[in-house]
Amino acid sequence: MLWGLLLLAIPLLIHLFQFHRTQTIYFPGVFRLTQRLQQARQQKRLQHWLVLAARMLGIACMVFAFAMPSCDEQNTAGKGYSHVVLLIDNGFSMGVEVADGQLIEQAKSQARVILQDLPAEVQVKLYSQTTQTDLWMSPSQIATILDTLGIGPQRFFLRDWIERVQLARQESGVRNIAAILFSDAQPSFLQGLVAQQPMGNVDWRFVSMSLSPQDVKGGNISLDTAWYVSQFSSNSESEGLLVKARVTHRGGNLSEAKLKLLADGKTVFAQTKALKSGETVEFEGLVNAENAHKPMLLSLSKDGYPYDDELYLHPIKTWQTTVGILGSDRAMDALFAAQPLLQKRQITQPDIEQNKPIINQLDALVVVGALKLNEAGKTNLGQMLERGTTILQFPSNANIAPTELLNQGLIKGAWKQVDQRMALSGLNHPIFQGAFAESLSDKVQLPAVQRVFQTASFDDWETIVQLEDGSPLLVSRRVENGTQWFWLSDLQEGSKQFLNSSWFLPMVTQILASNSIEERPLYGVVFSKQLLTLPAPLLTDERAAQLVGESGTSVVELQTNSERHTSMYVGAEPSFPGHFQLKSPLEKSAVVVSFNWPRYESEMQSDPAMKEKLSQSGIEWKESVADGQSSILQNEPLKVLWHLFIWGAAIFFAVEVLLLLWQSKIKTQENQ
């Protein structure tokens with residue numbers, strides 16, 4: 001391209017040899033006229049020199065601009081790198097449609113340009129959220145893989161890929177590496193960056209695929225989370241479950257959200273609510289007992305980002321709290337008949353003393369009346385509390401003092417005849433939050449208690465509910481991970497009004513489920529990079545279980561922790577959301593579980609603090625602009641000079657045009 005400098009001879013020849021003949025005109029000499037002619041001649045000579053300079057400088061800038069990309073062969077098109085690593089963040093947010101098309105397609109187009117310009121001997125690796133190449137490949141092989149690259153859930157963060165590049169740098173034969181990152185820089189992708197050791201032979205490039213909620217065609221409304229609330233009527237009968245969901249407007253021109261709940265493909269409820277950009281609203285709908293036992297699906301109307309519009313839910317029956325009963329009372333029988341969330345298991349004293357398997361399946365234990373256990377039974381009972389079991393004790397009558405379960409001794413005190421109502425303040429305890437259908441105000445009529453056991457030996461217990469005169473009625477204490485509760489009134493006569501009231505069912509349900517129901521998720525999340533807690537107790541000996549879905553059967557590893565929570569290691573399977581059957585080697589029937597994509601990328605916005613977070617990694621990133629036509633591996637200083645020369649050529653040619661127009665104007669005036 002530098003041979004183009006020979007073109008500078010053309011304007012020089014034009015200037016030296018004017019292609020017109022000079023004509024001499026004789027007229028009488030006038031001094032003033034001669035002086036003006038000399039001045040005009042000097043002015044024209046200066047104009048000609050300026051035009052010549054502008055013309056030659058413009059041509060020279062054009063020649064240098066087009067010669068720049070190839071003037072240093074060692075720094076162009078990746079010829080200075082022995083290895084190149086492509087890091088393509090192809091998470092779901094890269095699949096949205098913007099004005100210039102899908103972000104993932106823009107990134108792939110730029111990556112193809114890079115691969116085309118790389119010499120065949122350069123070794124390349126590709127890391128993405130869905131595809132990893134463990135071996136070094138040729139540029140043409142990577143280009144073939146790149147053509148099949150789609151989008152998927154965000155399984156890796158930038159810190160993970162930095163560690164992989166570090167490992168690749170340590171491989172034998174690796175001299176200079178170019179690590180090129182394509183990402184829309186979601187806040188979740190940049191989280192957890194820590195300072196790295198200097199990597200002198202790694203050239204880090206960051207290609208930002210800038211994204212904001214306004215760029216997304218169709219906008220984005222996100223289904224963030226879902227939960228349930230038990231519903232009870234005034235006559236203590238269960239009315240089912242109230243399923244709630246939280247929906248957020250993430251941006252765009254949408255003005256309403258339509259949400260429906262499906263069971264077996266049939267609509268259970270559907271609602272539409274108006275919401276503004278940035279606003280969060282809650283949906284709720286009642287689910288009857290029949291549908292509550294089925295896998296369900298919450299679904300939003302489709303928008304520009306469909307990957308956070310659905311949420312698969314576990315069958316609600318898996319939320320049942322398994323409760324063991326020692327002793328009997330008609331009030332407790334009525335409780336389990338009216339409350340589907342509690343699953344009753346009749347327990348005997350030998351079951352505890354012999355530590356039978358049924359004991360390890362209990363979430364709670366209700367003891368009605370006195371209980372005398374041998375030493376082995378006391379030890380097993382203490383282990384149940386340590387594991388997280390809730391134990392609730394009711395005295396059966398007013399003739400026997402309550403038994404302290406762990407020490408198995410009668411508590412010192414005396415029964416007292418009273419006629420006091422329950423105090424309202426105790427029902428505001430956090431454990432009862434959301435349990436009552438009635439609004440707790442001073443006008444609420446609470447049941448009265450006729451007999452209460454008074455003692456001074458409960459110093460290490462917390463009073464939860466008391467009578468209006470201050471006498472303790474319900475006390476509790478923590479024992480390791482479990483909770484022990486005492487109801488200090490007999491069930492036969494003293495608590496008769498309480499048993500017949502609408503307060504009995506929700507209060508006892510909340511107590512028995514306090515240590516179990518909160519630990520079980522309503523839905524599972526795929527690729528949480530943690531142990532995923534299953535929604536129901538599952539017998540396992542820490543062996544692998546089968547996960548059965550539409551795409552086939554895969555093997556997953558199960559484990560049970562000290563609190564009896566069964567969890568599953570989430571790996572490469574399942575690779576899509578939906579409902580699955582989990583079969584344990586020790587279980588006869590399968591458990592239906594649901595998996596969903598994480599909501600990492602629902603914000604749909606590049607991190608405003610992107611540059612600050614990148615600097616925290618201790619890496620000097622070179623930010624590049626992807627146009628899909630030129631390789632970003634070209635030497636950066638040369639690219640700057642190329643732009644300067646192009647602008648220089650444009651300016652000099654513009655000056656030349658202005659000078660020529662000026663000359664033409666002056667000549668016209670002289671002719672007039």
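Quick note: the coordinates plus some simple rules give every number you see, no bench work behind them. All figures in this text were calculated on a predicted structure; none of them were measured in a lab. Virtual Cβ from ideal backbone geometry, glycine too; neighbours counted across all protein chains shown.
Most exposed first by the Cβ proxy, i.e. fewest other Cβ within 10 Å, how do Phe182, Phe432 rank?
The most exposed by this proxy come first: Phe432, Phe182.
Treat each spin label as a single point 7 Å out from the Cα along the C-beta direction, and report the Ser589 to Gln166 distance in nm.
Between Ser589 and Gln166, the simple spin-label model gives 5.0 nm.
Kindly flag which residue pairs out of Lys378/Lys496; Lys294/Lys588; Lys273/Lys344; Lys260/Lys611; Lys108/Lys622 have an alpha-carbon separation exceeding 29 Å in this structure.
Lys378/Lys496; Lys273/Lys344; Lys260/Lys611
Sort His579, His83 so the one with the fewest other Cβ atoms within 10 Å of its own Cβ comes first.
Lowest to highest Cβ neighbour count: His579, His83.
Excluding residues on the same chain fewer than 8 positions from Lys665, give the aspartates and glutamates whose Cα lies under 20 Å from its Cα.
Glu656
Report the calculated FRET efficiency for Asp419 and Leu440 (r = Cβ-Cβ distance, R0 = 22 Å), to the nearest 0.05.
Efficiency for this residue pair is about 0.50.
In whole Å, what is the distance between the alpha-carbon centres of region 403-450 and region 165-220?
Value for the Cα centre distance between the two parts: 59 Å.
So, in nm, how far is label Ala195 from label Ser664 when the simple model puts each one 7 Å beyond its Cα toward the Cβ?
6.4
In the neighborhood of Leu261, defined by Cβ-to-Cβ distances under 13 Å, what is the net charge if each Lys or Arg adds +1 and each Asp or Glu adds -1?
+2
Given a Förster distance of 25 Å, report the FRET efficiency between Arg112 and Ile646 from their Cβ-Cβ distance, rounded to the nearest 0.05.
Efficiency for this residue pair is about 0.50.
Most exposed first by the Cβ proxy, i.e. fewest other Cβ within 10 Å, how do Trp485, Trp621 rank?
Trp621, Trp485
Contour minus end-to-end for Arg330 and Asp134, with contour as 0.36 nm per residue of separation and end-to-end as the Cα-Cα distance?
Extending this stretch completely gives an extra 63.9 nm.
So for each of 150-163, 651-664, 265-278, 359-372 I average, over its residues, the number of other beta carbons within 10 Å; can you give me the resulting order with the highest mean first?
359-372, 150-163, 651-664, 265-278
Quick one: which of 116-122, 246-252 comes out on top by average Cβ neighbours within 10 Å, and what's the full order, highest first?
Peptide ranking by packing, descending: 246-252, 116-122.
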